[in-house]
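Coordinate-derived values only; no laboratory data. In this text, all values refer to a predicted model and were calculated from it rather than measured experimentally. Note that we place each Cβ from the backbone using ideal geometry, even for glycine, and neighbour counts take in every protein chain shown.
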Amino acid sequence: MRGYGMLSLMNEESAYPCPVCHTLTTLEHACPGCGRAPDPNAAAVITLDHRILDLRQRVDQAKLAYEGLAAELSEVRRQRELYATAVRTAVAMERSSPSLPTVPMSYPASAPPAAATPAPTRAEAAPRTVQNLLFILGGLLLGTAALVFTAVAWATYGVTGRAAILSAVTLATLAVPPLVRKRGLNATAETFAALGLFLLLLDGYAAWFVNLGGIKDNWDGSFYAGTVFAITAAAGFGYAQLFKLTGPRFIALAAAQPVLPLYFAESSAKVDIWALV
């Protein structure tokens, strides 16, 4: 209690129940029930109990008043925003149509303008996004299947069958991006273009692996690998220019990096020449 000490509390209310026998007593006399001496602390507890009850009631009243004012403030702010929106809309219309006479917008005093209808909630995933995701996953699965086919099933078919199947898969993959890009599936087009160029590299490796056309007998290994990378880089750049894709440009740039080192791998060039390469 502010401004009052313990003695003032006891003076305000000296009657209190004895903490031993619970008989009502005062600070002026001993307990009539058990003869216990006056206890200022016990009297102070009773006085503070009354004070706490009073303060609790006042706190509850203040809380109710605060909640009422907060609700009123929120309503005023809402009405203010409605009128401000109406003003902004009118100003925008006046600026877009300066030749039209301006008509002031008025509202009844008791009825503020109706709140704008909330926009429909956006779907968690647009159908086009789902299509792109499915096509990307399909491209990754197709690339995995191509690797499995080359590594595991390579010994099952003859040389002609292997070349025909892998070439057909490569051409079919490179034919997908132009088709899906017309439908606006750019991410899918980028994925299949990258996969097609990867299969082109795989074709070059497969041709060397089976010694197609006696490649191993007539070509140096490093020179052949550089040629495959050069063809892939050229194909990627041309493909990107033709179909306006971004991914093939980066693949072409990456594929072009090892071309010169592979061409000069078997040469006796000096260190300064290698530095330029």
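Only one residue of Cys18, Gln61, Ala30 has its Cα farthest out toward the positive end of the dipole of the stretch 6-90, where Lys and Arg carry +1 and Asp and Glu -1 on Cβ, and that residue is Gln61.
In plain terms, the chain from Asp49 to Glu94 could stretch by 9.5 nm, reckoned as 0.36 nm per residue minus the Cα-Cα distance. The stretch between Ala86 and Leu253 holds 54.6 nm of extra length on full extension. This uses 0.36 nm per residue minus the Cα-Cα distance. With the simple spin-label model, which puts each label point 7 Å out from Cα in the Cβ direction, the Gln79 to Cys34 separation comes to 6.4 nm.
Please work out the ratio of the alpha-carbon Rg of the stretch 6-90 to 2.2 N^0.38 Å and round it to two decimals.
Values: Rg = 26.2 Å, N = 85, 2.2 N^0.38 = 11.9 Å.
Normalised Cα radius of gyration, the stretch 6-90: 2.20.
Label separation (Thr23 vs Leu64): 4.3 nm, computed from points 7 Å beyond Cα along the C-beta direction.
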